1. Using modelled amide H (1.01 Å from N, peptide plane; none on Pro or chain starts), what sits under 5 Å from the amide H of Leu235, excluding residues fewer than 5 places away?
2. Can you report the principal axis dimensions of region 207-305 using only the alpha carbons, biggest first, rounded to whole angstrom?
3. Quick query: amide H of Trp44 versus all other amide H atoms, modeled in the peptide plane; which residues come in under 5 Å with a sequence gap of 5 or more or a different chain?
4. Between Gln158, Gln175, Gln143, find the one with the highest GNM mean-square fluctuation for the chain; connect C-alpha pairs within less than 10 Å.
5. For the chain, modelled as a Gaussian network with Cα springs under 10 Å, which listed residue fluctuates most, Ala47, Ala152, Ala107?
6. Where the centre of each part is set by its Cα atoms, how far does region 24-90 sit from region 99-164, in angstrom?
7. Any idea what the relative contact order of region 207-305 is, in percent, if you count C-alpha pairs under 8 Å spaced at least 6 apart?
8. For semi-axes √(5λ) of the Cα gyration tensor in Å, the choices are [x] 36, 29, 16; [y] 32, 27, 21; [z] 29, 23, 19; which was calculated from the structure?
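What follows draws every value from the coordinates through simple rules; no lab data is involved. Remember, it's a predicted structure, so these values are computed and weren't measured experimentally. Methodologically, a virtual Cβ is constructed for each residue, glycine included, from the backbone with ideal geometry; neighbour enumeration extends over all protein chains shown.
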Amino acid sequence: MSENGSKPKFAMYWAAACGGCEIAVLNIHEKILDVDANFEIVFWPVAMDAKYKDVEAMPDGSILLTLFNGAIRNSENEAIARLLRRKSQILVAFGSCACQGGLPSLANLGTSQALFDAAYDGPSTDNPQGVRPQPQWAAPEGQLHIPEFYPAVKTLNQVVPVDYYMPGCPPESPQIAAVIDLVLQVLGGKAALPPPGAVIGAGDSTVCDECKRARNEKKITQFVRIQDVQPDPALCLLEQGLLCNGPATRSGCGALCPMAGALCVGCYGPAEGVLDYGARLMTAVASVIDSTNPAEIERILDGIPDPAGAFYRFNMGGSLLRAGRLPRKSKVAHEP
């Protein structure tokens, strides 16, 4: 409780994302009642009627905790990120998209023009007049304003300072419940917050360390697609020539995908101390190729389907690359 006896305030916002993070929060089951019992939920557009003007009217710093999920795709996302930063004492980049750009940031490999062409002139779109989104439109009811579409997707911390990072696509519900328990203990004076900038709700090792599949010395002579083989259910997937991202991915998910026979795709982001996720994964892959012949190595690497999507599926926006080459007159909007 605050000094005047009122509950501390909680907010959650959905930017450029799929909505899975919101569902993951609801999947904590009865633990959501603890959130309601200990917080006043003042802004959660997907779950309650809330207006931006209501948040604008709040005193700065009046929201104790905000979970911000989704990347920054347009001017509305950025404006709300800046608004919630001002109003929040603790701002958490919640989920892969907010932390590292997520799947939306793979669009950074192309241009806005190419994206609009695919969306509004593609084979599945009936748009004979070639209508495209306009920032402003004079309607009979008045002037309409549509958020500006940025040339490249940005992560939350490329727009505003972030206090904590909680990765995952989405974060696993048990991890969310554990973080909520920690916050409640902090409110009760029984625990302290981790240092600013820390990753919460995740481990500090790699998915490989959580995986129970047998591991031997890896010597790969070819990469294969998982749908083209019948993987050994007990053996390391990477040893079987399947591009599993476990060596570069932060632990905390319990290695759910590899243990279920699916490849780790890296949704928990770079492991502790890794500067660039894709570069770390490339290094791991290079170290297990069973050849010293340049032509043979090139043949093996050519077997990796969709290299950009494999190495930067969830991390393009937060990587050293950030984006493909943009048109000469374009820049990443509001470059920090």
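1. HN-HN under 5 Å from Leu235: Ala214.
2. The Cα atoms of region 207-305 stretch 38, 33, 23 Å along their principal axes.
3. Distant-sequence amide H within range of Trp44: Met12.
4. Gln143
5. In the Gaussian network model the winner is Ala47.
6. 23 Å
7. Numbers: 139 pairs, mean separation 32.1, N = 99.
Normalised by residue count, the contact order of region 207-305 is 32 percent.
8. [x]
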